[in-house]
Structures are given as structure tokens and as C-alpha cells.
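The values are calculated or read from the model by the stated rules, or taken from the named source; none is laboratory data. Remember, predicted model here, so these are calculated numbers, not experimental data. Neighbour counts run over all protein chains shown; Cβ positions are idealised from the backbone, glycine included. SASA here: full protein model, heavy atoms, side chains in, ligands and nucleic acids out. Shrake-Rupley method; radii C 1.70, N 1.55, O 1.52, S 1.80 Å.
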Amino acid sequence: MFRPRVIPLLLLKNKGLVKSVKFTNYNYLGDPINAVKLFNDLKADELVLLDILATKEGRSIDLGFVREVGDEANMPFAVGGGIQTIQQIKECINAGAEKVVINSFAVNNPAFIRAASDEFGSSTIVVSIDIKKKFWGKQQVYTLGGSRATGLDPVAWAQQMEANGAGELLVTSIEHDGMMQGYNLPLINALSAAVSIPVVAAGGAGQLTDFKSAVSEAHASAVAAGSLFVYHGPRKGVLVNYPKNHELVNLFSQA
Amino acid sequence: MRVCTKGVWDESIPGISFDENGVSNYCKLQETMMANYPRGEKGLADWNALVLAMKKAGKNSRYDCVVGVSGGVDSSYLLHIAGQYGLRPLAVNLDNGFNSQIAVQNIYKVTTTLGIDLETYVINYEEVQDLLRAYMKAGMPWIDTPTDLAIKATMYKVAQAVGIQYILRGNDFRSEGKQPKEWTYADARQLRFIHKRFGSGVRLKTYPMLTLPKMVYAGLIKGIKDIRPYYYLNYKKQDAKQLMIRLYDWQDYGGHHHENLFTKFSMAYWLPRKFGIDKRKINLSAQVLSQAITRDEALAQLQQPFASERELAETRSYVQKKLALSDNDFQQIWSATGKNTFDYPSNYELLVKLASRLRPLISRLYAFTPMTVTANQVLNAKK
């Protein structure tokens, strides 16, 4: 039965898996390969793995790591972090990734998305858009792990990326990240309405019903979550989990 | 090979001796323990007294006790029991990066169903990796020592941090028996030595280290006590499994301690193939004595492989990859001479020397006489 994709979003910092709150306070969660193995055994739909230091350190996500993920993951997965060349995308695909995620470099060089999409097909190219409200200002696009404001309007930027050939948008509300209090529904809704390519909602999922809201109220095509899949209970014990397929089917089929 | 007439302990076990009836000293240890910790009415009364003490100590707190959980049957069932006796446990899991999906799901199901809070302690994986590699390079038999020590240390750490006085652990000598010290003796001093000599210099920043002074501090100043409910309560692993499956959709994972992939590798690959050590002999003997299985069943189980060849090969290659050991590295480690725990410095000598004087101290740290103390009296009595 068709249902929206539900995607664990994993952040890599140095060699460890981490989870942030509002893109800061990174909490160490353990070995990323074990998490990938667990999500594979739990039959997650898809995975997204982002190296959050790569751009800042002027490199791209480690290919050895991508290969290891490929060895453990039977499901499709996307990788991101510091990607700036066609060659790097080719290497990630050869290492087993199905898609690549591009964020900061798209802002520096929007034409790169066009070139990458022409080369690999739009379904390979995911553009990640991190958004928060600037002090006193309105919502705008941030890069470099939420540290640099670009002044770009999220809706206009999303439309530009679609026009340049992006196959999918991964939209994260920085203010909602790690809060586990629900997605930024108005924001997701605004972007979903503005483009016709899939919008993946990210940032804020705290319970399964948040997925439902993102899809039914904000019209996201798919949902991604971090905390929800790695924390358990009030003390936030680190425990990888993922709902069973029938739970998800039920969830999304409810009126 | 000579085999104990009452259990399945045999001459592959260090320090074993047999009396005129062919009964081993290990069997006598097991009988002594069973006599020291009777179950039935007396055991229940002892346990009820402990429950009262825990409730009293925890009355102003959200929790009465810490329960170490691994996803295995012993610890999962312990949560069930804690609930039955009206205790409010805080479940604690140590994550060394090798938890299996079944284990993780079991912890999730049981804590969710019972509404028990879970605290986890995640060791930085690079430290785990370096420690496990060091133990392999050192040629130690029980290479999962860093995990065992860390689990214990984590229980004490969390208990102190949250202000809980009682630690419950799922150990059950009636189903596990006592492993010979040559195979498994371990302490923080030895771990530091092995890591320094065979590690690659990764600093241990997150690895929880329970040194002797820290343990004494926790026991004497903080009054933290370590309790093993199964010493007192009627516990049958097979029945417990069935109940857990029925009530919690708990899942069986095969062999003893196979809930953790590195432990599985240590038990089923490293020990038998490199050292000819089969720890099941100890476990099964204990089960025979406690009448959970018959001696013939135990002997038959020993004839069974630990797991299929294919599964074992997969486990080995996963471990190799997780520890970043090339085929060449692994070959070198594999062909190096095997050692035992007394080939490296530890606090063992010191503890044995102080054993008699430490008794009052030990009785304040634990709610029972630890098996090691009894083992020293029984196993070494003849020498």
C-alpha cells in the first residue's frame, strides 16, 4: 500500500553519530555504522546521512564511510556534506549512495545544481534547505550548519532550485530541530505549495502523529526525523527505533 | 577427557580437580552457592526484606533502583519482576556500539510496555574500538572485558548521579555458574595496562572506569548496594522467555549473550577456536545442578555448534570491519600466542591477600557474598 516515505536523518560529526537541538548542543549517539545496521534491520524506508563538519573543513563526506554504509544498508540512502563537484557526486554514487544532498554549495553556486542534475538526473540531486527566522526579521535560508544567514527567501529559493533541476527538497526548520514538538507546518506548507517536486519535512518530529500532520496539513511528500528515531522516553535514552510498516500504513490511512 | 560425574565440567577447565567419586571442585562450589542462597521460602523472605529496604530508600525519589538492561532475557525479565513487586526502576543500558537490533527492540518493547524510564550511557566508539582491539592483540581469552567492566561502572555512575542506592543485576549463578578466574578475572588496573601497552593511544575520556577506590567510595560513603534478585527468587530462564514473548512481544536471539554482536563473537568464535574454551560447559553444568536441564541434555547441547558456520563467518567479518582490522591485522592477532588474565598485572593478588580483612567491607558493598569470594574458599582450598 502506498504511503509517504519515513526517513531517519543521521548526522555525522568526526567519526560519531550526533543529534542536535536547534543545530547546536550536539549529543554523541555512538557509532554510525551500528545505527545504519539497526535501521536496516528495522527496515527503514530510506536513510539520509549528513556530515555536518565537511563544508566547514573544506572537504566532502568520506567515501570509505559511504562505502561502509552501503555495505550495511539494503535500503536507498542519500549522503551529504561538502559536495562541490560532479566528480564527488560520481564517487558517492559509485560508493553506493542513491542520492546526494547539497546545501551550502548550492547557495554559493546555484548553477551547480543545474549541471549536477543534467549529469545524473534530477532524482539523484536533493537540495537541503535550512531555514530560521533572523532576529527581528523574517524566515530566511541559512547555510554552513545554520551559522550563516543568506538573506534568501525560502519560497523563492525553493522555486529556483526546482527550476535548476533539483529532484527533491529536504526542508529543515532550525528552530524546530531537536525540540520534538512537531514540524514547522506553515513553513513546510508554504514550500510544498510553491514547488511541484517532493518536499521532505525535517526538524521537530516528536511523535508519529507529527508525520501525519506534515503530510495531511502541510502537504509534505515525505518526512524525516532524527530525535524521534534515536531517543527513547523522558530521559532521552539513546535507543534506535523505527515504526513497523503496518503502524505507518495505519498512521497515514487515518482520516 | 575426564568429565565431572554430576555436571559437565571437564579437564579443559583450569584448576579443576575431582574427588574419589569423580565430582569436581566446581560442582562443590556450585553446591555451596546453592546452599548459601536458598530459594523457596527463605529466599523469598530475604528478597522481600530487600524490596522493603529499596522502597524505603527510594521513597523521596522517582526511582527505587537501577536495573542494568541488555535486551537479553535475564535483564528484561528483571524489569518485569521489579514491576510485580511495586519497585520503580530506572533502566540503564550501556551502548558499546555492538547492540543487535533484537536487543535494542527488546529494550524498547519492555520499557515502553511497563512505562519504565531508560537512561543510556554511550561510550565514544573510538575508545571502544581501541580497547577491544587491545584486548585481542594482548591475546586475552575474554576480550569482552572492557564491556563487562563498563557495564558495572555505568550502573554505579548512574546510581550516584541520580541518587539511587540499589543496583539490580540479572546475574544468576544457577544458570550461569562460575567461570574460572583464568578465563575471566578482570579489573580496571589491568584494563589500563592492556590499553596502554596494546592500544593505539586513543585517550579514554568517556569510558567509565570503576576503580577500586571509586567502588569503595560508592559503597561506603554513598551506600550503594549491588543486588542479584535471581539469587533469591525462583527463576527459570525458559519459563521467563515464554512469558516475555507472550506479554511483551520480546524476541529470542539464540545463544547466551548473543544479544550483543561482539559478545557473540567472543563466546562463539574467539574462545572456542583460539583457546579451545567452551564457556557453555560452565553454564550448562550450573543448569544441570539446579535441575533446569538433565545432564544428558547438557552433554547433547555441548555437541551442538555455537551457530552455523555461515553465521559465525558473518559475525567475524562484521567484527573485523567494526574494529577496522584488515585481513592481515586479523591474521596476525589470530596466530599470536594466547595468554591468560594472569599474564598481565592486575589487583588480583592484592585482593586475595586482603580477602579476609576485606570481608566486612565487601559485605557493605554487596548485599551478598560475591561468588569470587566463595570461589576462592572452595576452589583454592585444596592447593
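Restricting attention to segment B:319-334, the residues being open to solvent by 20 Å² or more (accessible area, probe 1.4 Å), in a helix (DSSP H, G or I) and not basic (K, R) number 6.
Taking segment B:193-204 as the search range and keeping residues that are out of contact with any Phe, Trp or Tyr (no Cβ under 9 Å at 6 or more places or on another chain) and of a type outside the set (D, E, K, R), which one is surrounded by the fewest Cβ atoms within 10 Å (Cβ to Cβ)?
So in segment B:193-204, the residues out of contact with any Phe, Trp or Tyr (no Cβ under 9 Å at 6 or more places or on another chain) come out as B:196, B:199-204.
Going one step further and asking which of them are of a type outside the set (D, E, K, R), we end up with B:199-202, B:204.
Working: B:G199: 21, B:S200: 11, B:G201: 7, B:V202: 17, B:L204: 18.
Within segment B:193-204, the match that is surrounded by the fewest Cβ atoms within 10 Å (Cβ to Cβ) is B:G201.
Here the condition is being open to solvent by less than 40 Å² (accessible area, probe 1.4 Å), more than 11 Å from chain A (Cβ to nearest Cβ), within 21 Å of the chain's Cα centre (by Cα) and under 24 Å from B:Y366 (Cβ atoms); of B:D64, B:D74, it holds for B:D74 alone.
Only residues that are open to solvent by less than 30 Å² (accessible area, probe 1.4 Å), within 12 Å of chain B (Cβ to nearest Cβ), touching a Lys or Arg at 6+ places or on another chain (Cβ under 7 Å) and modelled with pLDDT of 95 or more: list them for segment A:1-39, please. Passing the criteria: only A:L29. If you go through segment A:212-227 and pick out every residue that is more than 17 Å from A:L191 (Cβ to Cβ) and surrounded by 23 or more Cβ atoms within 10 Å (Cβ to Cβ), you end up with 2.
Could you say whether any residue in segment B:290-303 is within 14 Å of another protein chain (Cβ to nearest Cβ), open to solvent by 50 Å² or more (accessible area, probe 1.4 Å) and in a helix (DSSP H, G or I)?
Keep residues of segment B:290-303 that are within 14 Å of another protein chain (Cβ to nearest Cβ), which gives none.
For segment B:290-303, residues within 14 Å of another protein chain (Cβ to nearest Cβ), open to solvent by 50 Å² or more (accessible area, probe 1.4 Å) and in a helix (DSSP H, G or I): absent.
Filter segment B:6-21 for residues that are under 22 Å from B:I277 (Cβ atoms) and open to solvent by 10 Å² or more (accessible area, probe 1.4 Å) and give the result. Listed by number, the residues that qualify are B:K6, B:D10, B:E11, B:S12, B:P14, B:G15, B:I16, B:S17, B:F18. Considering (1) within 14 Å of chain A (Cβ to nearest Cβ); (2) farther than 24 Å from A:V230 by Cα; (3) of a type outside the set (V, I, T), the lone condition that B:Y85 does not fulfil carries the number (1). Just to be sure, is B:Y344 surrounded by 14 or more Cβ atoms within 10 Å (Cβ to Cβ) and within 28 Å of B:D19 (Cβ to Cβ)? Judged against the criteria, B:Y344 is not a match. Which ones in segment B:1-15 are assigned to a loop (DSSP other than H, G, I, E, B), touching a residue at least 24 places away in the same chain (Cβ under 8 Å) and not aromatic (F, W, Y)? Listed by number, the residues that qualify are B:C4, B:K6, B:G7, B:V8, B:S12, B:I13, B:P14, B:G15.
A single entry from B:L118, B:L132 fulfils the requirement of being among the hydrophobic types (A, V, I, L, M, F, W, C) and more than 8 Å from every other protein chain (Cβ to nearest Cβ): B:L132. Looking at B:L90, is it within 12 Å of another protein chain (Cβ to nearest Cβ), touching a Cys at 6+ places or on another chain (Cβ under 8 Å) and open to solvent by less than 40 Å² (accessible area, probe 1.4 Å)? So B:L90 passes the test.
Among the residues of segment A:50-59, is any away from chain B (no Cβ under 12 Å) and part of a strand (DSSP E or B)? Yes - at least one qualifying residue is present in segment A:50-59. Cβ-Cβ contacts under 7 Å between residues 6 or more apart (or on different chains), taken from a first residue in segment A:225-240 that is of a type in the set (K, R) to a second residue that is open to solvent by 20 Å² or more (accessible area, probe 1.4 Å) and assigned to a strand (DSSP E or B), are listed as A:R235/B:E119.
Does segment B:255-266 hold any residues that are open to solvent by 10 Å² or more (accessible area, probe 1.4 Å), at negative phi and not polar (S, T, N, Q), and which are they? Matches in segment B:255-266: B:G255, B:H256, B:H258, B:E259, B:L261, B:K264. B:N124 meets each of the listed conditions (1) more than 11 Å from every other protein chain (Cβ to nearest Cβ); (2) out of contact with any helix residue (DSSP H, G or I) (no Cβ under 9 Å at 6 or more places or on another chain); (3) under 30 Å from B:W183 (Cα atoms); (4) not basic (K, R) apart from (1). Would you pick out the residues in segment A:17-51 that are of a type in the set (A, V, I, L, M, F, W, C) and at positive phi? Correct list: A:F23 only.
Look at (1) assigned to a helix (DSSP H, G or I); (2) among the β-branched types (V, I, T); (3) closer than 30 Å to B:D10 by Cα and you find that B:V158 fails only one, number (3).
Screening segment A:160-191 for residues that are in contact with a Leu (Cβ under 9 Å, 6 or more places away or on another chain) and not hydrophobic (A, V, I, L, M, F, W, C) and picking the one that is farthest from A:Y142 (Cα to Cα) gives A:E162. Restricting attention to segment A:216-255 and to residues that are part of a helix (DSSP H, G or I), within 14 Å of chain B (Cβ to nearest Cβ) and in contact with a helix residue (DSSP H, G or I) (Cβ under 9 Å, 6 or more places away or on another chain), the residue that is farthest from A:L42 (Cα to Cα) turns out to be A:L228. Of the residues that sit in segment B:50-61 and are over 14 Å from B:A159 (Cα atoms) and hydrophobic (A, V, I, L, M, F, W, C), which one is surrounded by the most Cβ atoms within 10 Å (Cβ to Cβ)? Ranking the candidates gives B:L50 first. As a summary of the residue check, B:I167 satisfies the conditions (1) open to solvent by less than 10 Å² (accessible area, probe 1.4 Å); (2) more than 14 Å from chain A (Cβ to nearest Cβ); (3) farther than 27 Å from B:F275 by Cβ; (4) part of a helix (DSSP H, G or I) except for the one numbered (4). For B:M209, the conditions (1) under 16 Å from the mean Cα position of the chain (by Cα); (2) more than 14 Å from chain A (Cβ to nearest Cβ) are fulfilled apart from (1).
Select from segment A:186-205 the residues that are within 16 Å of the chain's Cα centre (by Cα) and on the phi < 0 side of the Ramachandran plot and list them in ascending order. Result: A:L187, A:I188, A:L191, A:S192, A:I197, A:P198, A:V199, A:V200, A:A201, A:A202, A:A205.
For segment B:95-115, a residue qualifies if it is more than 8 Å from every other protein chain (Cβ to nearest Cβ), open to solvent by less than 20 Å² (accessible area, probe 1.4 Å) and more than 24 Å from B:E314 (Cβ to Cβ), and exactly one does: B:V110. Test A:G233 against the stated conditions and say whether it is farther than 12 Å from A:I7 by Cβ, small (G, A, S) and open to solvent by 30 Å² or more (accessible area, probe 1.4 Å). Against the criterion (farther than 12 Å from A:I7 by Cβ, small (G, A, S) and open to solvent by 30 Å² or more (accessible area, probe 1.4 Å)), A:G233 qualifies.
Count of segment B:205-232 residues, restricted to those that are surrounded by fewer than 19 Cβ atoms within 10 Å (Cβ to Cβ), in contact (Cβ under 8 Å) with a residue 12 or more places away in the chain and in a loop (DSSP other than H, G, I, E, B), is 6. Of all residues being in contact with an Asp or Glu (Cβ under 6 Å, 6 or more places away or on another chain) and at pLDDT 95 or above in segment B:88-108, which is farthest from B:A159 (Cα to Cα)? Just the residue, please. Applying the filter and picking the extreme gives B:R88.
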